[in-house]
Amino acid sequence: MNEINRPITVVAAGILIDSENRYLLGQRPAGKPYAGYWEVPGGKVEKGETVFQALQRELQEELGIAIRSSEELTVLEHDYPHAYVRLYVSIIRDWTGTPMGCEGQALSWELIGAEKPSVEPLLPAAWPMLECLRRFLA
Ligand SMILES: Nc1nc2c([nH]c(=O)n2[C@@H]2O[C@H](COP(=O)(O)OP(=O)(O)OP(=O)(O)O)[C@@H](O)[C@H]2O)c(=O)[nH]1
């Protein structure tokens, strides 16, 4: 629980970085809260899972890739009308397979150095992740 006594939804988000120093965004599919918004791939951590196991499962389901390792970047919280979320954000550079939109979602590789992503809108909590990523890689 948090200061306003709402249950916390624990989420793992994985920022994939490719060999050209780009990161990946995906568009949330229809039927989910904030459908059509762009986000860093990931999803809820299930009971008994570690953050890394949740990332392995979510990125396999959403993108069809197998991740081999991850680096912790930051932990952020965001209070949405539908949920209070705690996001464990990792950087992933080591995976096998080619990311594809396995749930029918669009994908976009973005330049880390760009002022803002080429797609919009982004989930509100994705902005501080990207700011943190830029600071981390600067
Ligand atoms: N994956 C992801 N989730 C984010 C980001 N930013 C952010 O606020 N979230 C929030 O974290 C939660 C993730 O839940 P999700 O709906 O993607 O998780 P899931 O795939 O397990 O959903 P499901 O239970 O519908 O299968 C949502 O409340 C979403 O709004 C982000 O950049 N990436």
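Each reported figure results from applying straightforward, stated rules to the coordinates on display, with no laboratory input. As the structure is a computational prediction, the values presented were derived from the model and not from experiment. Don't worry about glycine lacking a Cβ; one is built from the backbone with ideal geometry, like all the others, and counts go over all protein chains shown.
Remarks
- Cβ-Cβ FRET estimate between residue 103 and residue 135, R0 fixed at 30 Å, reported to 0.05: 0.45
- Counting every C-alpha pair in the chain, the share spaced more than 24 angstrom apart comes to 24%.
- Karplus-derived 3J(HN,Hα) values for region 83-94, using 6.51 cos²θ - 1.76 cosθ + 1.60 with θ = phi - 60°, are 5, 9, 10, 10, 9, 8, 9, 10, 9, 10, 10, 10 Hz; glycine and proline are entered as x.
- Remark: region 105-118, residue by residue, has Karplus-estimated 3J(HN,Hα) of 7, 6, 10, 8, 7, 10, 6, 5, x, 5, 5, 8, x, 7 Hz, where x stands for each Gly or Pro and the curve is 6.51 cos²θ - 1.76 cosθ + 1.60 at θ = phi - 60°.
- Taking 17 Å as the cut-off, the amide N atoms of region 83-109 that come nearer than this to a point 7 Å along the Cα-to-beta-carbon line of residue 30 belong to 102-107.
- Folded to 0 to 90 degrees: helix 126-137 orientation relative to the chain principal axis, Cα: 50
- Placed amide H near residue 80: partners under 5 Å, 5+ positions off or other chain: 85
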